[in-house]
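Worksheet: one structure, shown below.
The values are calculated or read from the model by the stated rules, or taken from the named source; none is laboratory data. Quick caveat: nothing in here was measured; it's all calculated off a predicted structure. Note that we place each Cβ from the backbone using ideal geometry, even for glycine, and neighbour counts take in every protein chain shown. Surface areas here come from the heavy atoms of the whole protein model, side chains and all, with no ligands, DNA or RNA. Shrake-Rupley method; radii C 1.70, N 1.55, O 1.52, S 1.80 Å.
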Amino acid sequence: MATAATLLTSLSLPLLSAIFGAAIALLFLSGYLRRKRAAIAHLPPSATAAAAPDQPKQVRPSNQNNPKKGHQRHHHAVDKDATKKHHHLDVNTLRGHTDSVTALHFSDDACNLATVCADGAVRVFRVDDVSSKSFKILRINLPAGAHPTAIAFSQGASSVVVAAQALLGSSLYMYADVGAPPTGGNKQQGKLSPPEIKWEHRKIHGKESVLNLAAARATYGTGDGSTILISCSEATDIKIWHGKSGKELGTVDTNQLKNNMADISPNGRFIAAAAFTADVKVWEIVYSKDSSVKEVNKVMQLKGHKSAVTCLCFAPNSEQIITASKDGTIRVWNINVRYHLDEDPKTLRVLPIPLHDSKGSVCQYDHMSVSPDGKVLATTSGSTLQWLCVETGAVLDTAEKAHEGDITGIAWAPRTIPNGGTPAFVLATAGVDKKVKLCPD
């Protein structure tokens, strides 16, 4: 009995100690949890949000239980999509390019837009309506090793001429039958064969690359309406070509160290070049009675800028030239003068470039083009796109970061294009961001 009592006593003492210790531990734990809840209850909302990642994951409540939050998330998604469109005039984007888009050009009927890309391909988009959700595309792969730098339609909407740089120099390729089929075309016709090269010229400017191509129909004087092309070298020479036959019609030289770009008037009469100096040289293409090109003569020089001219363009009437210079000004020139009687071209307007960088310095324009009605001047500087009034120079609109990187080219459609059924003048822009954007005026 004594032995049993002793055994019970020896077992009871450790058991009682364990129970007493557990009670003390529970007491301290409950006190700690009360203090923690009180601290969390007094945290401000920002601190609570910051602490959230450390808490265990919880199941989010359904939107049906909280329609207000669901409505906010819906608007957030819309706003996020809206920020992708950098400007309200950016209506549509032509996708499919896998590298920088280097140049673009509209066909005469404005139904096709041709682009060249650093991926070595030509793409012809059928643009029946600017607001369309999809566009028919014709893709042409250039010869291996050819890196396209410029493009222009040659005969209406049926052929394109592409300038491409290779190891040995620049080449010209003319592809016929490139018009993309209408959106509502017959889907039963089989797969169309790719367009073939109708003519080509190699090393057209030695080893120098082509900065740009420009095209116009020869409608002045005895011109027969054939397409005349010019290729502007990064050196000092500019060559004139017959669009259909590929025949070289002449060569002019700016003799100004290097060219920036060149353009041809819409009637195929004049050629003007922006080069290293402040002066702009203008040549006239003289046509024979049989409509062939007889000669190309330098007829005038635009003097007035104080620094190099970075870009220029002709007005739709072929009687005016608009130039932009590093001196911070835009000049509008009247070239409809009797130059054979030594009458000089006249400066109609001198306008300040209204675009400045973050330091307040005047920006340089890289590209410019006038709308078909002659009222709006589209200009670019880096990734910024700007619309100006031709008459006053007033800023009509500005789209900063119109592309995610530099804008490589702009082109107005020569005629109106439906935009949701409403006719509109459309400006197309290309960029290093692999995109082509359509902006109705």
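Hey, could you check the stretch 181-209 for residues that are within 20 Å of Ser158 (Cβ to Cβ), in contact with a Leu (Cβ under 9 Å, 6 or more places away or on another chain) and open to solvent by less than 30 Å² (accessible area, probe 1.4 Å) and say which is modelled with the lowest pLDDT?
Pro195
Restricting to the stretch 301-320, name every residue that is open to solvent by less than 10 Å² (accessible area, probe 1.4 Å) and more than 17 Å from Val350 (Cα to Cα).
Ser318
Condition check ((1) among the β-branched types (Val, Ile, Thr); (2) surrounded by fewer than 24 Cβ atoms within 10 Å (Cβ to Cβ); (3) assigned to a strand (DSSP E or B)) across all residues:
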| position | (1), (2), (3) |
| --- | --- |
| Val122 | yes, yes, yes |
| Phe125 | no, yes, yes |
| Ser131 | no, yes, no |
| Arg139 | no, yes, yes |
| Pro143 | no, yes, no |
| Thr149 | yes, yes, yes |
| Val162 | yes, no, yes |
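Could you name every one of the strands (runs of 3 or more DSSP E) located completely within the stretch 210-261 that has at least 2 residues being within 26 Å of Ile410 (Cβ to Cβ) and modelled with pLDDT of 95 or more?
210-217, 227-233, 237-242
Could we say that Ile335 is open to solvent by less than 10 Å² (accessible area, probe 1.4 Å) and more than 22 Å from the chain's Cα centre (by Cα) here?
Here the answer is yes, as Ile335 does meet what is asked.
Quick check on the stretch 253-283: of everything there that is touching a Ser or Thr at 6+ places or on another chain (Cβ under 9 Å) and of a type in the set (Phe, Trp, Tyr), which residue is most open to solvent (accessible area, probe 1.4 Å)?
Result: Phe276.
Taking Thr422 as meeting all but one of (1) at pLDDT 95 or above; (2) surrounded by fewer than 16 Cβ atoms within 10 Å (Cβ to Cβ), write down the number of the exception.
(1)
Go through the residues of the stretch 91-110 one by one and say whether even a single one is modelled with pLDDT under 90 and either surrounded by fewer than 20 Cβ atoms within 10 Å (Cβ to Cβ) or of a type in the set (Ser, Thr, Tyr) (or both).
Among the residues of the stretch 91-110, at least one is modelled with pLDDT under 90 and either surrounded by fewer than 20 Cβ atoms within 10 Å (Cβ to Cβ) or of a type in the set (Ser, Thr, Tyr) (or both), which makes the answer yes.
Return the residues of the stretch 382-395 that are assigned to a loop (DSSP other than H, G, I, E, B), without any contact (Cβ under 8 Å) to a residue 60 or more places away in the chain and open to solvent by less than 40 Å² (accessible area, probe 1.4 Å); say none if nothing qualifies.
Within the stretch 382-395, Gly382, Ser383 qualify.
Among the listed residues Val293, Val332, which satisfies the condition of being aliphatic (A, V, I, L, M), in contact with a Leu (Cβ under 6 Å, 6 or more places away or on another chain) and within 21 Å of Ala394 (Cβ to Cβ)?
After applying the criteria, what remains is Val332.
Tell me which residues, restricted to the stretch 316-348, are among the charged types (D, E, K, R) and either part of a loop (DSSP other than H, G, I, E, B) or closer than 26 Å to Glu400 by Cβ (or both).
Answer for the stretch 316-348, where residues must be among the charged types (D, E, K, R) and either part of a loop (DSSP other than H, G, I, E, B) or closer than 26 Å to Glu400 by Cβ (or both): Glu319, Lys326, Asp327, Arg331, Arg338, Asp342, Glu343, Asp344.
Is there a residue being open to solvent by 10 Å² or more (accessible area, probe 1.4 Å) and polar (S, T, N, Q) anywhere in the stretch 374-381?
So far as the stretch 374-381 goes, yes, one or more of its residues are open to solvent by 10 Å² or more (accessible area, probe 1.4 Å) and polar (S, T, N, Q).
Which one of Thr398, Thr408, Thr429 is open to solvent by less than 10 Å² (accessible area, probe 1.4 Å) and assigned to a strand (DSSP E or B)?
Criteria check complete, one pass: Thr429.
Which pairs do you get when a residue that is closer than 30 Å to Leu167 by Cβ, found in the stretch 128-144, comes within reach of a residue that is surrounded by fewer than 20 Cβ atoms within 10 Å (Cβ to Cβ) and hydrophobic (A, V, I, L, M, F, W, C), reach meaning Cβ atoms under 6 angstrom, with the pair 6+ apart or on two chains?
The qualifying pairs are Arg139/Ala121; Asn141/Ala121.
Tell me which residues, restricted to the stretch 349-371, are more than 24 Å from Pro440 (Cα to Cα) and in a strand (DSSP E or B).
Within the stretch 349-371, Arg349, Val350, Leu351, Pro352, His356, Val362 qualify.
Within the stretch 89-135, which residues are within 15 Å of Leu438 (Cα to Cα) and of a type in the set (D, E, K, R)?
If the condition is that a residue be within 15 Å of Leu438 (Cα to Cα) and of a type in the set (D, E, K, R), then Asp90, Arg95, Arg126, Asp128, Asp129, Lys133 are the ones that fit.
State whether one or more residues within the stretch 281-288 are part of a loop (DSSP other than H, G, I, E, B) and of a type outside the set (Asp, Glu).
yes
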